[in-house]
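Worksheet: one structure, shown below.
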Amino acid sequence: MSKPEITYSQLLETNNLIQQNSDETYWLCATRTVQESKIFPVSAYILFSYLNCFYRFPELLKKIEANMSAEEVGDRARNSGIKILAWTIPCFYLLGREMLINWGVIKPTDAVEDVVYVMDFWKRFQLSWHRNNGGLTNKQGGHRAQIFPEQKLQVFHADAFECELGDDLHTSAQEFMATVAQYGFLVSCESRLTIHNHGPYKISDNREMLIRDFRELSEYDFPWLDDVANELDYNNLTVAMIVEDTHITLLDDWGSFEAEPELKSEHIKAIGLWTADNLTDGHLPVGMGNPEELTATFKNLTEKVKEATSKLWTQMAGWSRDQQMDAGALNYFACAKELAHIAGCYEMKDWMMIDERAERFRPLLNDEYGNLFLGELVGMITQPSQMAHGYTMAQHTDKPTKGLSFIPYSILKDEPYTSGVGPIRGGVTNLSAKVDRYRTSQGFMTQEQLNKECRSFTMTCCQEKYRLLCADWVKYHYDSELADELFRIEQKNSRNLKDRGAGLTCQDIEHMRLARVEKA
């Protein structure tokens, strides 16, 4: 084969990105909560998802970029919200590759151009999504994720309602968050992929704000939510939670957070609720007219979520193991599907099917093998392909291991290689057929209608006039009319900041809040 259409510098960068993900994968798996289920074959379906990612991600990411660049997708995702992608895109894909290398199905010299492209797409998306903090991952920011721009944070800060432990708003908000988290855990087949957190954002010396996104709540992509979630009016909900006298010390690339002292109910001092999707012009307030309205909204949502949870339990109780495997694997694999929605090129057959090449390995993935192999692959790092020479001291363990295999540089000279896995082949599923109905902020749509609307709609802040007006520009132009326009985009639905424009600081807004509290 002729030399690949990639350069030495591209391979150096690709291997660097592989190693960054290798080190963080071990740290996340070794230090975070163990994921187990008495119902779902979680380890087996996770491994199954990795294989689906390896065979499908390259072509699906190229399909997205045929419609919209990774950088522009990142801009839109940053402003409307997205599932956890920092770790899922590269590591699900690379762990699928590592599985196949260990099984002798492929070599590190196979699918070279695929690997380079997937890592490059991920890098460009991540840098755009993390544009406001300049990092590639939460790890690079000291395990923080300060994603939102100042103008959006000001609205969340200004409009959140004060509450205290025991009052109606505090109680209803806590019950809602507990109920929707339990529901989301079930929607994602007893994983945490419907919940995403980012922050912390500084409010004052003893106050911080945490943003909590609850996604995939209604009828959308998952066939198992058809009819189950038809009463849920919002597919995505965002809670802004202001906490006092506790410090969020860690928010990792899985969206998990820790606080010192431990975050408890009494630390929550203000709360707000918004919704956003790819067709909203920013975040829209939900029940935010006054504290009583928000309290009633939380209570209403809680009852609807409880009803959907009951329906979903009933449905899942009748599933076969193959249906559990498919749902779990597709839930993991399809983390990146929202990028296709943003680009207006989502197709159910791309994202809700098991690739026939991955399907070949289903008989291997029984519970015992799944548990043992996944543990060795991401926890103990003991697979043959993960062994390094004896002088190696891995980050975190000092052992002679590498969690993810590099691409050998010899392919640039004379080492045989293959470029990729080729086009997507047929898909299979044991799940019920997906109803062509998708809940959006504009009502229910078919897949074709939703793609058309996403392609034709651009939120105001992502239009060319405003898209590149970053925080560093605002710092030097805050007194300009254009800066006022930029801030008014987010302020147009704000109860307290409408048309205030630029020029306010976080401290100004906190003083405004305190004055309202004292007046009340």
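Laboratory data are not the source of any read-out in this text; all were calculated from the coordinates shown. Since the structure is predicted, the reported quantities are computational estimates derived from the model, not experimental observations. Glycine gets a Cβ as well: all are built from the backbone with ideal geometry, and neighbour counts include every protein chain shown.
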Worksheet item: Under a plain spin-label model, where a point goes 7 Å from the Cα along Cα-to-Cβ, how far apart in nm are ARG360 and LEU12?
Response: 3.7
Worksheet item: Along the charge dipole of segment 206-247, which of TRP224, LEU210, VAL239 sits closest to the positive end, that is, farthest toward it, with unit charges on the beta carbon of Lys, Arg, Asp and Glu (+1, +1, -1, -1)?
Response: LEU210
Practice prompt. Filter the trypsin sites (Lys or Arg not before Pro) in segment 218-313 down to the DSSP loop ones having no more than 12 other Cβ atoms within 10 Å, then list what survives.
Written response: LYS264
Worksheet item: Over 31 Å between Cα atoms, which of LYS123/LYS475; LYS83/LYS434; LYS306/LYS519; LYS83/LYS402; LYS152/LYS402; LYS299/LYS349 qualify?
Response: LYS306/LYS519; LYS152/LYS402; LYS299/LYS349
Worksheet item: Want the number for ASN371 to GLU231: 0.36 nm per residue separation, take away the alpha-carbon distance, what's left?
Response: 46.7 nm
Fill in: Normalised alpha carbon radius of gyration of segment 469-520 [divisor 2.2 N^0.38 Å]
1.25
Worksheet item: Between rounded, prolate and oblate, where does segment 391-480 land on the alpha carbon gyration tensor, with a ≥ b ≥ c its root eigenvalues, rounded for a/c under 1.5, else prolate if a/b exceeds b/c?
Response: oblate
Worksheet, complete the sentence: Here the alpha-carbon Rg of segment 219-330 over 2.2 N^0.38 Å rounds to 1.33
Response to the item:
Placing each pseudo-label 7 Å from Cα in the direction of the beta carbon, GLU303 and LEU127 end up separated by a distance in nanometres of 5.1
Worksheet item: Given 0.36 nm per residue, what is the gain on full extension from ALA433 to LYS62 after removing their alpha carbon distance, in nm?
Response: 130.9 nm
Worksheet item: If one takes the longest principal axis of the Cα atoms in the chain, at what angle in degrees, from 0 to 90 and to the nearest 10, does the Cα axis of helix 321-333 lie?
Response: 70
Discussion item. With the cut-off at 1.5 for a/c, could you classify segment 277-333 from its C-alpha gyration tensor as rounded, prolate or oblate?
Written reply: oblate
Worksheet entry | Degrees between helix 150-159 axis and first principal axis of the chain (Cα, 0 to 90, nearest 10) | 50
Discussion item. Taking the beta-carbon count within 10 Å as an exposure proxy, list ASP484, ASP277 from fewest neighbours to most.
Written reply: ASP484, ASP277
Practice prompt. For segment 303-373, state the semi-axes of the equivalent ellipsoid (square roots of 5 times the eigenvalues of the alpha-carbon gyration tensor), sorted largest first and rounded to whole angstrom.
Written response: 24, 22, 10
Item to complete: Please arrange CYS163, CYS53 by counting, for each residue, the other beta carbons lying within 10 Å of its beta carbon, fewest first.
Response: CYS163, CYS53
Item to complete: For segment 248-406, take the alpha-carbon Rg, divide it by the Kirkwood Rh, and send me Rg/Rh.
Response: 1.05
Response to the item:
For VAL517 and GLU453, extending 7 Å from Cα along the Cα-Cβ vector and measuring point to point gives, in nm, a value of 3.9
Response to the item:
Summing -39500 (n - 2.57) over every DSSP H run of at least 4 in the chain, dividing by its residue total and rounding to the nearest 500, the 222 nm mean residue ellipticity is -14000 deg cm²/dmol
Worksheet item: What full-extension length gain, to one decimal in nm, is calculated for HIS477 and GLU415 as 0.36 nm per residue of separation minus the Cα-Cα distance?
Response: 16.9 nm
Worksheet item: For the chain, what is the per residue volume of the convex hull drawn over the alpha-carbon atoms, in cubic angstrom?
Response: 153
Worksheet item: Can you give the percent of C-alpha pairs in segment 187-250 whose distance is more than 19 Å?
Response: 45
Item to complete: Quick one: angle between helix 88-102 and the longest Cα principal axis of the chain, in degrees between 0 and 90, rounded to 10, please.
Response: 20
Response to the item:
Whole-number value, in Å³ per residue, for the convex hull of the alpha carbons of segment 1-94 is 161
Worksheet entry | Residues GLU71 and GLU175, FRET efficiency given R0 of 60 Å [Cβ-Cβ distance, rounded to 0.05] | 0.90
Worksheet item: Going by how many other beta carbons lie within 10 Å of each one, how would you line up TYR476, TYR346, fewest first?
Response: TYR476, TYR346
Worksheet item: If you take the square roots of the eigenvalues of the alpha-carbon gyration tensor of segment 140-241 and sort them as a ≥ b ≥ c, do you get rounded (a/c under 1.5), prolate (a/b over b/c) or oblate?
Response: prolate
Worksheet item: With charges set only on the Cβ (+1 for Lys and Arg, -1 for Asp and Glu), what does the dipole of the chain come to about its Cα centre, in debye to the nearest 20?
Response: 760
